[in-house]
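What follows draws every value from the coordinates through simple rules; no lab data is involved. These numbers were taken from a predicted model, which means no experiment stands behind them. Note: ideal-geometry Cβ built from the backbone for every residue, glycine included; neighbour counts use all protein chains shown.
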Amino acid sequence: MNPLKSIPGTIISGFVLAIVLMFVLGTTGTVNPWEFWVWMHALAGITWVGLLYYFNFIQVPAVATALSEADSGGPGAAAINKYIAPKALFWFRWSALATWLTGAMALEAMHGGEGSGVVAAFTFTEGFQTIGAGAWLGTIMLFNVWALIWPNQKKILGLDGKTHEPEAIASAKFVALMASRTNTLLSVPMLFAMTAQGHGMLF
């Protein structure tokens with residue numbers, strides 16, 4: 001059976017290959033929880049930020065184009081809004097939460113002293129300032145997803161089971177777009193802080 005014919009088969013095969021790679025490259029004989037949680041954090045984060053960029057760079061412009069061409073015989077945005085957006089938003093919001101939680105676990109694993117790695121990061125303890133800045137930016141982004149983007153997208157797409165006035169839909173579109181654009185903006189310094197923690201500043 002070809003594992004590439006299904007998403008679960010593809011993902012499982014990816015993990016199997018990663019495990020093979022671990023043994024080929026050699027093991028230390030001990031489990032490294034920091035690397036495990038950073039690995040999970042990176043996988044979840046790629047999913048989250050990848051979907052964030054998809055929404056901003058692809059779906060939003062595509063929906064605008066589809067709407068502008070609807071009166072001239074175009075298909076409109078119904079297919080995107082009905083079939084694609086709800087599934088994308090599902091993975092978007094839950095991968096955002098998974099990214100934050102795995103990031104918190106990575107902070108705990110990297111913290112060698114007494115106390116909490118999460119607290120050390122969020123209070124900018126010595127050695128945690130850079131990752132702390134990334135953690136704060138990621139937390140703001142998580143808040144935007146769950147408190148601003150998702151509730152307003154439910155109104156826009158009619159996923160809340162309610163009927164909304166055109167003015168309410170227009171307002172929801174603006175809030176969701178601004179929150180999404182804010183997250184796109186914050187993703188750049190956030191990713192810099194995350195990578196700079198382990199690799200140093202640019203200068």
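See the values below:
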{"quantity": "Pairwise Cα inverse-distance average, inverted: Kirkwood Rh of region 64-149 (Å)", "calculated": "15.5"}
{"quantity": "Leading residue at positive end of dipole, the chain (Cβ point charges), from PRO86, LEU101, GLY45", "calculated": "PRO86"}
{"quantity": "Candidate aspartates and glutamates for bridging to LYS155, where Cα separation is under 18 Å - those fewer than 8 sequence places away on the same chain excluded", "calculated": "GLU165, GLU167"}
{"quantity": "Angle in degrees between helix 7-25 and the longest Cα principal axis of the chain, rounded to the nearest 10", "calculated": "20"}
{"quantity": "Intensity falloff of the chain expressed as log10 I(q)/I(0), Debye formula with alpha-carbon point scatterers, at q = 0.09, 0.17 Å⁻¹", "calculated": "-0.46, -1.18"}
{"quantity": "In order through region 192-200: 3J(HN,Hα) via Karplus (6.51 cos²θ - 1.76 cosθ + 1.60), integer Hz, x for Gly, Pro", "calculated": "5, 4, 5, 6, 5, 4, x, 10, x"}
{"quantity": "Inter-label distance for ALA109 and ARG181, nm, one decimal - labels placed 7 Å from Cα along Cα-to-Cβ", "calculated": "3.7"}
{"quantity": "Segment SER68-TYR53, length gained on full extension (0.36 nm per residue, minus Cα span)", "calculated": "3.2 nm"}
{"quantity": "Net charge contributed by nearby residues that have their C-beta within less than 15 Å of MET141 (K/R +1, D/E -1)", "calculated": "+2"}
{"quantity": "With at most 11 other Cβ atoms within 10 Å, longest stretch of the chain clear of loop GluC sites (Glu not before Pro) (DSSP)", "calculated": "1-113"}
